[in-house]
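Student: What follows is a single structure, and I will ask about it in a moment.
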Amino acid sequence: NVPEDQADKLLLASWGLPKAVLEKYHSLGIVQMFEWQAECLMLGQVLEGKNLVYSAPTSAGKTLVAELLILKRVLETRKKALLILPFVSVAKEKKCYLQ
């Protein structure tokens, strides 16, 4: 569980994302994360590029964790990232979504 003093970490706005990115998520109805998603982002040095392995059921929100990690790293390091997705339809959807 996310400690009470870090409950603000459930809000996407707490992760230092640009306004345009937050507005896009908000337009899709995503304003905050589930506790387990915030816990993933707060584990060890995952925000500094260390590995993270996590598992959750289908449609639980795994992609949001990956997107936030990728977006933060790309924006902070100005380097490219590679996002591998399992299906062409999902890849096309994410391409439009992330643009």
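The values are calculated or read from the model by the stated rules, or taken from the named source; none is laboratory data. What you see is a predicted model, and the numbers here were worked out from it, not measured in a lab. Don't worry about glycine lacking a Cβ; one is built from the backbone with ideal geometry, like all the others, and counts go over all protein chains shown. What goes into the accessible areas is simple: the full protein's heavy atoms, side chains included, and nothing from ligands, DNA or RNA. Shrake-Rupley method; radii C 1.70, N 1.55, O 1.52, S 1.80 Å.
Student: Only residues that are closer than 22 Å to Leu22 by Cβ and of a type outside the set (Phe, Trp, Tyr): list them for the range 81-99, please.
Tutor: Within the range 81-99, Ala81, Leu83, Glu93, Lys94, Lys95, Cys96, Leu98, Gln99 qualify.
Student: Sticking with this one: From the list Gln6, Gln45, exactly one residue is under 16 Å from Lys72 (Cα atoms), open to solvent by 50 Å² or more (accessible area, probe 1.4 Å) and of a type outside the set (D, E, K, R). Which is it?
Tutor: Gln45
Student: Would you mention how many residues in the range 24-57 are assigned to a loop (DSSP other than H, G, I, E, B) and either on the phi < 0 side of the Ramachandran plot or modelled with pLDDT under 90 (or both)?
Tutor: Counting residues in the range 24-57 that are assigned to a loop (DSSP other than H, G, I, E, B) and either on the phi < 0 side of the Ramachandran plot or modelled with pLDDT under 90 (or both) gives 17.
Student: Out of the residues in the range 54-66 meeting the condition of being open to solvent by 30 Å² or more (accessible area, probe 1.4 Å) and of a type in the set (Val, Ile, Thr), tell me which one is farthest from Phe34 (Cα to Cα).
Tutor: Only one residue tops the list, namely Thr58.
Student: If we scan the range 67-84, do we find a residue that is at pLDDT below 90, open to solvent by 100 Å² or more (accessible area, probe 1.4 Å) and not charged (D, E, K, R)?
Tutor: Yes - at least one qualifying residue is present in the range 67-84.
Student: Quick check: is even one residue across the range 10-23 modelled with pLDDT of 90 or more, of a type in the set (A, V, I, L, M, F, W, C), part of a loop (DSSP other than H, G, I, E, B) and surrounded by 10 or more Cβ atoms within 10 Å (Cβ to Cβ)?
Tutor: Scanning the range 10-23 turns up at least one residue that is modelled with pLDDT of 90 or more, of a type in the set (A, V, I, L, M, F, W, C), part of a loop (DSSP other than H, G, I, E, B) and surrounded by 10 or more Cβ atoms within 10 Å (Cβ to Cβ).
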